[in-house]
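Working notes, structure below.
The values are calculated or read from the model by the stated rules, or taken from the named source; none is laboratory data. If you're wondering where the values come from, they're calculated on a predicted model, not measured in any experiment. Ideal geometry is used to build each Cβ from the backbone, glycine not excepted, and the neighbour counts take in all protein chains shown. The accessibility values were calculated without ligands, DNA or RNA, using every heavy atom of the protein model including side chains. Shrake-Rupley method; radii C 1.70, N 1.55, O 1.52, S 1.80 Å.
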Amino acid sequence: MNRQDLLVSCTHAVALSAGIAAVAPAPAAAQSAVADPAAAVNPLIGTNRGETFPGADTPFGMVQWSPENTAGDQTRTVRPGGYGFNTTRIRGFALTHLSGTGCAGASGDVPFMPLPGTVTTSPTADNTDARYASNFSHANETAAAGFYRVGLDSGVNVELTATTRTGSGRFTYPAGQPATMLIRTSNSELGSSAAQTTINAGTRTISGSVTSGNFCGYINAETRKSYYQLFFVAVFDRPFTSTGTWVDANVTQGSVSSSGGTTFGSGFPPAGRGSGGFVTFPAGTTVVNVRVGISYVSLANAQANLDAENPSGTTFDTVRQRAHDAWNTALRRIEITGGSAAQQTVFYTALYHALLHANVFSDVNGQYRGMDQAVHNVTGSQRAQYANFSGWDIYRGQVQLVTLLQPDVGSDMAQSLFNQANQNGGVWDRWTHNQGGTHVMTGDPSHASLPSIFAFGGTNFDAAGALASMLHSATTVTAADRSRVGWNVMVIGERPSLDQYLALGYVPADGNAWGGAGETLEDGNADFALAQLAARLGNTSAHDQFLARAQGWRKVFNPANGGFISERNADGTFRTPDPSSSAGFAEGSSAQYTWMIPYNPRGLFAAMGGNSAAIARLDAFFHDAAGNFSLSGGGGLKSDLTNEPSIGTPWLYNFARQPWKTQATVRQVLNTLWTTAPNGIPGQDDLGAMSAWYVWSAMGLQPIAPGRADLLLAAPLFSQVIIHRSNGVNLTINAAGAATNAGFIQSLTVNGTTSTRSWLPESIVSSGGTVAFTLGTTANTSWGVGADDVPPSFDVDTAPPGTTNLALNKPATASTSCNANEGPQKANNGSVSGGNSDKWCGTGATKTWRVDLGAGTVIRSVTVRHAQAGGETAAFNTRDYDLQTSNDGVTFTTVAQVRGNTAASTTTSVLSTTRFLRLNVITAEQSSNNAARIYEVEVFQ
Ligand SMILES: [Ca+2]
Ligand SMILES: [Ca+2]
């Protein structure tokens with residue numbers, strides 16, 4: 001999400017880097033995998049306008065201990081991540097941050113600020129941060145995975161590291177001055193409604209809490225309120241020789257407690273409000289260590305988290321090493337070999353950013369605060385509750401990447417989202433911050449995320465319960481859905497104008513959504529994903545219903561203005577015909593959003609007039625009039641690969657049978673928009689959503705659409721990528737000839753078999769294997785161009801796709817065979833070329849053949865190859881038969897009936913979840929009921 005434009009911030013006049021490091025010529029490729037990927041991470045990448053933060057954290061950690069910059073106004077964060085690369089003044093180091101968000105930031109709770117000197121005036125009254133802040137130079141700064149250091153111009157050296165729920169700080173003060181620590185308890189980035197600080201000199205502890213929220217509250221009063229309370233316990237290793245606190249402008253020397261929030265004003269906290277505390281260490285003190293535990297439940301839990309993860313006696317360097325190791329464990333799930341050092345840094349930094357969120361939100365004892373503000377416990381197989389779901393962004397690829405690498409974590413995230421909905425009256429809020437729903441952005445993204453997590457193997461959550469809840473909220477109109485409260489940037493309804501969507505098939509321009517046309521596409525993506533999850537869970541009627549709903553894009557496709565998705569009124573008339581306009585769309589134009597139907601490009605291209613028309617439009621979309629790439633900033637008619645609505649578009653050429661243009665465009669984005677510079681993330685990183693796109697793309701992969709795990713293909717950047725899934729499945733991607741300028745696929749094998757398909761089926765994710773590319777510097781315009789090479793599109797009446805024959809060589813049994821060499825296994829041996837004995841031949845009154853798939857399996861179609869396929873007469877082709885399913889091998893249900901067939905082979909849609917598939921032959925051939933001749937039965941997902 002964006003909206004950072006409204007934020008008052010410092011001037012970014014100096015571009016410290018042109019940001020071209022990633023396209024420097026590659027040195028001779030390393031021949032072994034990157035040994036220490038955590039060391040390759042540079043957290044400063046993205047800190048100039050990517051809105052990332054450089055501080056210390058662990059994968060999905062609760063703590064992100066990182067600087068808060070100031071540009072002379074204490075009431076406003078400089079940038080949403082708390083840090084802007086071009087602002088070199090710091091007023092504190094806060095314990096929590098969001099990476100890459102928009103609006104005016106969020107979290108940034110409980111800034112610590114070391115001070116050489118004493119506190120004589122209120123730090124809150126220092127509204128311009130003239131006194132209790134310090135300049136710094138990037139030359140005195142080190143940012144690494146799990147560690148941050150800065151030497152402040154004040155003379156204090158600050159070192160920070162973290163465990164999941166705690167931080168460790170080491171502050172080295174200059175000799176000869178009092179060593180003081182301020183804790184600005186009330187100064188969360190967006191302010192606070194309450195704050196409380198307690199100093200206990202006896203235990204060398206400062207503890208307290210801050211109550212905050214206010215995400216995007218400066219735009220709309222709907223979120224201008226508190227919805228979370230963060231508790232902290234900070235234990236120092238040096239005694240306090242003096243203490244004090246402040247409230248607003250008043251300092252009380254010797255005080256050990258204070259309270260008072262900043263209040264939220266009209267969205268930005270007013271100047272001069274807030275509270276905190278300070279302590280001074282004994283004269284002569286230079287090094288002060290502190291351990292800090294946090295919790296969103298209670299002070300006791302913050303202490304318990306500290307005791308469990310970072311107990312007394314744990315050294316700073318031990319925590320730092322553990323954080324580094326934790327990052328290596330996470331990052332080594334993708335091993336890469338080859339590429340330049342810069343490319344390796346961009347890759348692992350992107351993976352690092354993609355694994356920062358969502359955040360562990362439950363405490364070590366399993367308690368967490370729910371969206372009902374009550375304390376809950378994680379139960380069953382869930383190991384942790386997660387928070388901070390940037391819904392609109394992450395459904396496009398980030399939750400898929402997390403689940404690809406760690407299905408267990410993906411499962412917990414899915415359960416966390418379901419828990420949030422359950423604790424929120426059944427409403428799936430689209431953007432959740434800690435335990436608050438903010439309603440920010442558009443669509444119903446959890447409905448896209450959960451099916452995606454499931455598709456990638458994150459199935460260890462209450463999927464049936466979640467599906468039932470989602471189907472309910474997607475079909476039940478609430479008062480909030482009929483409301484415009486919050487509009488825009490947010491709106492309180494989960495499905496804005498659901499009543500009209502149900503009645504019209506689209507969300508009208510005069511409805512409640514932040515852009516009806518864009519909302520229609522978001523709803524379509526959510527509904528498509530729901531259809532997929534429904535199918536996987538055996539609910540075929542919901543599948544059919546939601547797959548049909550997902551085609552609502554046709555209702556807002558306006559042929560009259562050249563074929564663009566356009567704003568449409570409830571009365572059926574179209575609005576603004578200008579395709580460069582963003583009216584009706586969130587953060588994008590009509591021309592950009594028109595492509596955002598990833599589950600049915602074939603339908604879209606047909607509406608546009610066919611592949612040639614679509615290709616011409618894509619060419620114009622990605623290029624300027626001179627033929628140069630236009631990938632950002634080209635205006636509403638051009639692509640914008642800096643923001644989510646466009647990031648799927650380069651992959652669409654695969655559907656139009658010109659995959660080399662996907663390869664060229666993706667490679668151009670990787671080579672030019674993503675660099676090692678502070679501005680090396682093109683646009684806000686959106687809690688890792690954009691970085692996830694980079695990681696997928698650099699591997700030559702991209703999830704096809706929400707709710708599916710099929711992968712679109714382009715050219716990998718590295719000579720080898722090995723994905724180690726936490727469930728033990730490995731996927732190896734070899735790319736012979738990989739180089740910066742070798743971005744074109746020459747040929748491909750999948751598990752040793754040559755393939756010209758520009759995509760991979762879901763089975764490559766579930767089963768792993770080896771995908772081997774041969775790359776080159778020029779396009780192979782004959783690869784991936786066949787009619788059967790295109791990735792699947794999904795429409796109401798489209799036969800389901802399939803490539804992997806799930807029945808192949810599985811145990812098969814049958815009724816009486818005609819001959820000993822025509823037994824049941826001949827019908828799923830993968831061959832129809834073995835002469836007329838390459839079949840199961842059935843005789844007798846009952847003729848049934850069945851296969852055991854081994855476990856309940858989603859199947860989408862069954863192909864039967866009859867006598868003629870094996871070279872026999874067409875008169876022997878099976879005429880009438882039923883397809884039946886069963887999960888116990890005893891009770892079978894007929895799921896399809898084929899009658900009057902004369903063809904050599906038949907393909908039948910049988911969307912079902914089943915272990916056994918049975919062919920029940922009713923009329924064996926064309927003239928009389930004699931022998932059944934089944935050369936092959938193929939079952940596809
Ligand atoms: Ca964005
Ligand atoms: Ca056969």
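Tabulated data for the structure shown
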read-out: Those residues of segment 805-830 which are open to solvent by less than 20 Å² (accessible area, probe 1.4 Å) and more than 19 Å from ALA924 (Cβ to Cβ), in sequence order; value: ALA807
read-out: Residue list for segment 311-336, restricted to those being in contact with a Gly (Cβ under 7 Å, 6 or more places away or on another chain) and buried (at least 24 other Cβ atoms within 10 Å of the Cβ); value: ALA323, TRP327
read-out: Selection status of ILE922, away from ligand 1 (no atom under 16 Å from the Cβ) and surrounded by fewer than 20 Cβ atoms within 10 Å (Cβ to Cβ); value: yes
read-out: Residues located in segment 893-906, provided they are surrounded by fewer than 16 Cβ atoms within 10 Å (Cβ to Cβ) and hydroxyl-bearing (Ser, Thr, Tyr); value: THR893, THR894, THR902
read-out: Odd one out for GLN684, checked against (1) within 13 Å of ligand 1 (Cβ to nearest atom); (2) touching a Leu at 6+ places or on another chain (Cβ under 9 Å); value: (2)
read-out: Only listed residue being charged (D, E, K, R) and touching a strand residue (DSSP E or B) at 6+ places or on another chain (Cβ under 7 Å), chosen from ARG484, ARG536, ARG549; value: ARG536
read-out: Checking ARG899 against (1) within 16 Å of ligand 2 (Cβ to nearest atom); (2) farther than 18 Å from PRO824 by Cβ, the condition it does not meet; value: (1)
read-out: Positions within segment 294-330 being over 28 Å from the mean Cα position of the chain (by Cα) and under 22 Å from ASN434 (Cβ atoms), in sequence order; value: SER298, LEU299, ALA300, ASN301, ALA302, GLN303, ALA304, LEU306, ALA308, ASN310
read-out: Odd one out for THR101, checked against (1) closer than 18 Å to GLY688 by Cβ; (2) away from ligand 1 (no atom under 16 Å from the Cβ); value: (2)
read-out: Hey, SER122 touching an Asp or Glu at 6+ places or on another chain (Cβ under 9 Å), within 24 Å of PRO270 (Cα to Cα) and small (Gly, Ala, Ser) or not; value: yes
read-out: Breaking point among (1) free of Cβ contacts under 8 Å to residues at least 24 places away in the same chain; (2) within 21 Å of PHE528 (Cα to Cα), for GLY562; value: (2)
read-out: Criterion: more than 16 Å from ligand 1 (Cβ to nearest atom) and surrounded by fewer than 24 Cβ atoms within 10 Å (Cβ to Cβ) - qualifying residue of ASN42, ASN69; value: ASN42
read-out: Residue match in segment 650-666 (condition: within 16 Å of ligand 1 (Cβ to nearest atom), aliphatic (A, V, I, L, M) and over 28 Å from ARG536 (Cβ atoms)); value: no
read-out: Positions within segment 821-835 being aliphatic (A, V, I, L, M) and modelled with pLDDT of 90 or more, in sequence order; value: ALA827
read-out: Residues of segment 439-478 that turn out to be in a helix (DSSP H, G or I) and either touching a helix residue (DSSP H, G or I) at 6+ places or on another chain (Cβ under 7 Å) or among the hydroxyl-bearing types (Ser, Thr, Tyr) (or both), as a count; value: 18
read-out: Boolean, ALA387 is touching a residue at least 24 places away in the same chain (Cβ under 8 Å), closer than 30 Å to ALA33 by Cα and not charged (D, E, K, R); value: no
read-out: Residues (more than 12 Å from ligand 2 (Cβ to nearest atom), open to solvent by 30 Å² or more (accessible area, probe 1.4 Å) and over 16 Å from ALA896 (Cβ atoms)) located in segment 831-851; value: THR843, GLY844, ALA845, THR846
read-out: Scan of segment 571-586 for residues that are open to solvent by 40 Å² or more (accessible area, probe 1.4 Å) and in contact with a Pro (Cβ under 9 Å, 6 or more places away or on another chain), ordered by number; value: ASP571
read-out: Single residue of segment 852-870 satisfying the filter (open to solvent by 30 Å² or more (accessible area, probe 1.4 Å) and within 11 Å of ligand 2 (Cβ to nearest atom)) that is farthest from LEU533 (Cα to Cα); value: ALA869
read-out: Which listed residue is in contact with a strand residue (DSSP E or B) (Cβ under 9 Å, 6 or more places away or on another chain), of a type in the set (Gly, Ala, Ser) and open to solvent by 10 Å² or more (accessible area, probe 1.4 Å), from ALA560, ALA503; value: ALA560
read-out: Selection within segment 823-872 - over 40 Å from the mean Cα position of the chain (by Cα), over 17 Å from THR908 (Cα atoms) and assigned to a strand (DSSP E or B); value: TRP840, CYS841, GLY842, LYS847, THR848
read-out: Scan of segment 805-830 for residues that are away from ligand 2 (no atom under 14 Å from the Cβ) and in contact (Cβ under 8 Å) with a residue 60 or more places away in the chain, ordered by number; value: LEU806, CYS818
read-out: Test: residue in segment 787-794 that is over 29 Å from the mean Cα position of the chain (by Cα), open to solvent by 50 Å² or more (accessible area, probe 1.4 Å), at pLDDT below 95 and closer than 24 Å to SER928 by Cα; value: no
read-out: Which numbered condition ASP888 fails, given (1) assigned to a strand (DSSP E or B); (2) of a type outside the set (Ser, Thr, Tyr); (3) more than 16 Å from ligand 2 (Cβ to nearest atom); (4) within 39 Å of the chain's Cα centre (by Cα); value: (1)
read-out: Complete set of residues in segment 248-267 that are surrounded by fewer than 21 Cβ atoms within 10 Å (Cβ to Cβ) and either within 45 Å of the chain's Cα centre (by Cα) or of a type in the set (A, V, I, L, M) (or both); value: ASP248, ALA249, VAL251, VAL256, SER257, SER259, THR263, GLY265, SER266, GLY267
read-out: Residue list for segment 508-541, filter: of a type in the set (A, V, I, L, M) and in contact with a His (Cβ under 8 Å, 6 or more places away or on another chain); value: ALA526, ALA529, LEU530, ALA531, ALA534, ALA535
read-out: All positions within segment 618-635 that are touching a residue at least 40 places away in the same chain (Cβ under 8 Å) and open to solvent by 20 Å² or more (accessible area, probe 1.4 Å); value: ASP619, PHE629, SER632, GLY635
read-out: Selected residue [without any contact (Cβ under 8 Å) to a residue 12 or more places away in the chain and surrounded by fewer than 17 Cβ atoms within 10 Å (Cβ to Cβ)] from THR142, THR128; value: THR142
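Matching residues to (1) closer than 24 Å to VAL507 by Cβ; (2) away from ligand 1 (no atom under 16 Å from the Cβ); (3) not small (Gly, Ala, Ser):
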{"site": "ALA548", "(1), (2), (3)": "yes, yes, no"}
{"site": "ASN558", "(1), (2), (3)": "yes, yes, yes"}
{"site": "THR576", "(1), (2), (3)": "yes, yes, yes"}
{"site": "PRO601", "(1), (2), (3)": "yes, yes, yes"}
{"site": "ASP624", "(1), (2), (3)": "no, yes, yes"}
{"site": "LEU631", "(1), (2), (3)": "no, no, yes"}
{"site": "ASP640", "(1), (2), (3)": "yes, no, yes"}
